[in-house]
Each structure stands twice: as C-alpha cells, then as structure tokens.
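Take a look at the structure below.
The values are calculated or read from the model by the stated rules, or taken from the named source; none is laboratory data. Every value quoted in this text rests on a predicted model; they were computed, and no experiment measured them. Here the Cβ is made from the backbone with ideal geometry for all residues, glycine too, and neighbour counts use every protein chain on show.
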Ligand code: B12
C-alpha cells in the first residue's frame, strides 16, 4: 500500500537520461527494474508509459536521425521500450467497464509503439481493447470489425504518406457504422487532416484520447465529408503519381547516374538506399497532393536534408533528386509548384 508521494519523478532529466542509457545499452532487465520500481513507488503508470517510455522513444529516433545511433541500436532500444511497456502493463489489473474498442495502425504504418501506449491507457480506463498492431490492411480491419462489433475504432497514423490509406480505412469503418477516432503525428498539427479525411473525432495525445472517449462517445454523426471523396481528394495528379511511381523512380535513377558520375560506383546497398529515397520523395509528394497541403512535402524535405547532412551527404544530392523528379512531372502544375517550393526552401 502506497502512503506517501513518490520520491522520484519521470520528469527529472537525470532519471530520463539514466533510462535512455539503459535502453541504448539494450539492458532490458535494468530498464524493466527501473520502471517497475517507479510504479512501486506510486508514480502513475500513465506517466511511466507516456513520459518516460514515449519520451525516450522520441529521443531514440532523434539519435538515429542524427546518425549518433545505428538502425540496429535504434531497433534494439525500441524492443527494450516495448518490453518495459508490457512489463508495466502486466502489473495493472482493470476490469473492462466501458465498451470495446479496436486500435490499429493504418496500412504501411510501422510506428507501432505510440499506438501501443494508447492501447494500455485505454485498458487502464476500462475499455476492452483489441490492439491489432502495426500496418493493418484496410480489408482485414473491416473483417475484424464485423467479427467483434466494437463501439469505436482508433486509427494511428504517424507518417503522412499513409494518409490516403487512412482515408480509405476511415471511410470503410464509417460505412460499417463504427465511429472513428484518429490520432498520431501523421494527421498533422492539431490532427487537422483527421477531420478533412472524415474521422468522427481526433486527439493529439493518448491522454486526450482517453478523456475524449470517456466523456462524449459516441459522437454525434459527423457530416458525410467529402460527399464524393474523389472530387476533393486524390485528384488527377495524385493518381498519376501513384500509377507512375515505379517508372518515375527507375528514370530518376538512370538519369542520376548520367548526371552524377559517382553514382556509377555505388555498391548495391548505396543504390538500394538511393532508390528508397526516391520512393520517399514520391510518397510524400503523393500524400501532399492527396490532401492538398504542400507543407507535408516541405516538412519532409527539410527533415531529409538534416538526416543526409548528419551522414555527410551534401544537400545538393537531395536537390538533384528533386529536380529529376520534377523534370518528369512538368505537365502537373501542383506537383511542380510543390517541388519548386521545396527546392527554394533548401
Ligand atoms: C522511433 C521512430 C521511428 C522508428 C519506429 C520504431 C517503432 N517500432 O515504433 C523507425 C526507425 C523504424 C522509424 C522509421 C521511419 N520513420 Co520514424 N520516427 C520515430 C520517432 C523518432 C519516434 C516515434 C515515437 O514512437 N514517438 C514516441 C510517441 C509516444 O510520441 P507521440 O507522437 O507523442 O505519440 C503520441 C501521439 O502521436 C498519440 N497517438 C499516436 N497514435 C494515436 C492514435 C490515436 C487514435 C490517437 C487519438 C492518438 C495517437 O498518442 C501517442 C502517445 O501520447 C518519430 C519522431 C518523434 N519524435 O516522435 C519519427 C517520425 C515519426 N518518423 C518519421 C519518418 C519520416 C520515418 C521514415 C519514413 C524514415 C525513413 N526515411 O525510412 C520511416 C517510416 C517507417 C514506416 N513506414 O512507418 C517522421 C514522420 C514524418 C512526418 N511527420 O513528416 C518522424 C515524425 C520524424 C521527423 N520527421 O521528425 N521511425
């Protein structure tokens, strides 16, 4: 029985640093012990999950992005964080007293931990949660809904490239008569694209989602919007870009080798990474056209420039790549204008 206030706080920078060190060292046992001792002391489980585990996960990714940690170290640290989350959740006993909720990451969305944190917070608040995990294809999600009949679907989208798939999932859930709460950074600042894509509700954080679902659920039916999605979203330019993606990348790779001779000496791994980068350019541009928000693409290019710089790749390489893509899209004014804005900003 805890009688006094906890002596430690997850907001203490030294404690956060110590936990990051354990996670970065792959010290699963040490990290679990620290988190469980905080829980024993009376630190609320929500704080451990959101602030300590979630906050550390953000730092792990930043260390990867700035090339201070390898992908392998990031993956190992993410695995430790997932394990700690499960260990803390395993200590809690709550009986379902609200409804049933399905929680899934949209198709192609591999950032699974933020949704997992939300799942645990909802369980603690008395929901029966069906957590479907990362990258759930739309048709499988709908089959699951028909089998379980939940009161709500919570959809997580952390990268805007998945917004078209998120839109398809939201539309299908609503057609099945189940209201959708959307969240995750992919839905933009203040979850602004969630509303545009027809979600019934949205929340910026897991705590906000818990409050929203506890106080006013189900929400009043949202107006059917857009009445004819194809008229507003996913216009001709988006459709062209998605259809021509393989050809666009292939041509850009060929022309890159012609204009930057060093590319001819790339090994297989470097060629693969370059192709992947062209894929990201195409995907972020497509999402930007789909939603009609150039900012999605500008954020992506600014972030990519930072990632490349910390790996000693000159920004001129990204600029060359953007020009090679733009050259192939001259008949598409929105795509061209967005690429030009990104080039100017770089
Ligand atoms: C760790 C990480 C990764 C790991 C993921 C490991 C894993 N298994 O989860 C790896 C290295 C694999 C990765 C890969 C990529 N990543 Co990444 N990643 C991150 C990072 C650093 C942390 C993500 C995280 O877990 N945060 C911790 C959580 C707890 O934070 P949070 O967002 O506050 O979470 C809350 C809310 O989002 C909300 N929430 C989440 N889901 C839901 C759902 C509902 C319904 C509700 C209501 C609320 C809600 O509740 C959460 C808890 O409060 C972020 C940047 C960041 N600082 O967050 C980038 C980030 C998400 N990644 C990004 C990118 C670009 C990528 C890649 C494309 C990189 C690449 N070039 O390959 C790939 C794409 C992979 C894919 N297809 O999904 C970008 C997204 C771009 C953008 N928004 O414009 C980000 C934002 C980095 C950036 N630009 O600064 N990534």
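Scan region 290-304 and tell me whether some residue there is more than 13 Å from the ligand (Cβ to nearest atom), within 24 Å of the chain's Cα centre (by Cα) and modelled with pLDDT of 95 or more. No - not one qualifying residue is present in region 290-304. Name every residue in region 193-220 that is within 12 Å of the ligand (Cβ to nearest atom) and in a helix (DSSP H, G or I), in order of residue number. Matches in region 193-220: 193, 194, 206, 207, 208, 209, 210, 211, 212, 213.
Among the residues of region 326-338, is there at least one that is out of contact with any strand residue (DSSP E or B) (no Cβ under 6 Å at 6 or more places or on another chain), within 16 Å of the ligand (Cβ to nearest atom) and closer than 24 Å to residue 63 by Cβ? Within region 326-338, none of the residues are out of contact with any strand residue (DSSP E or B) (no Cβ under 6 Å at 6 or more places or on another chain), within 16 Å of the ligand (Cβ to nearest atom) and closer than 24 Å to residue 63 by Cβ. Tell me which residues, restricted to region 35-65, are within 10 Å of the ligand (Cβ to nearest atom) and more than 17 Å from residue 117 (Cβ to Cβ). Of everything in region 35-65, those that are within 10 Å of the ligand (Cβ to nearest atom) and more than 17 Å from residue 117 (Cβ to Cβ) turn out to be 62, 63, 64, 65.
If you go through region 127-170 and keep only what is part of a helix (DSSP H, G or I), touching a strand residue (DSSP E or B) at 6+ places or on another chain (Cβ under 8 Å) and within 12 Å of the ligand (Cβ to nearest atom), you end up with 162, 165, 166, 169, 170. Evaluated against (1) closer than 20 Å to residue 165 by Cα; (2) under 23 Å from the mean Cα position of the chain (by Cα), residue 240 falls short on exactly one condition, (2).
Taking region 1-117 and the helices (runs of 4 or more DSSP H) fully enclosed by it, the elements with 2 or more residues that are within 25 Å of residue 132 (Cβ to Cβ) and under 19 Å from the mean Cα position of the chain (by Cα) are at 55-65, 71-90. The one condition from (1) out of contact with any helix residue (DSSP H, G or I) (no Cβ under 7 Å at 6 or more places or on another chain); (2) in contact (Cβ under 8 Å) with a residue 40 or more places away in the chain that residue 331 does not meet is (2). Residue count for region 181-197 satisfying the condition of being farther than 18 Å from residue 299 by Cβ and modelled with pLDDT under 90: 1.
Restricting attention to region 171-192, which residues are in a helix (DSSP H, G or I) and more than 11 Å from the ligand (Cβ to nearest atom)?
Within region 171-192, the first condition is being in a helix (DSSP H, G or I), and the residues that meet it are 171-175, 185-187, 189-192.
Within region 171-192, 171, 172, 173, 174, 175, 190, 192 meet the criteria.
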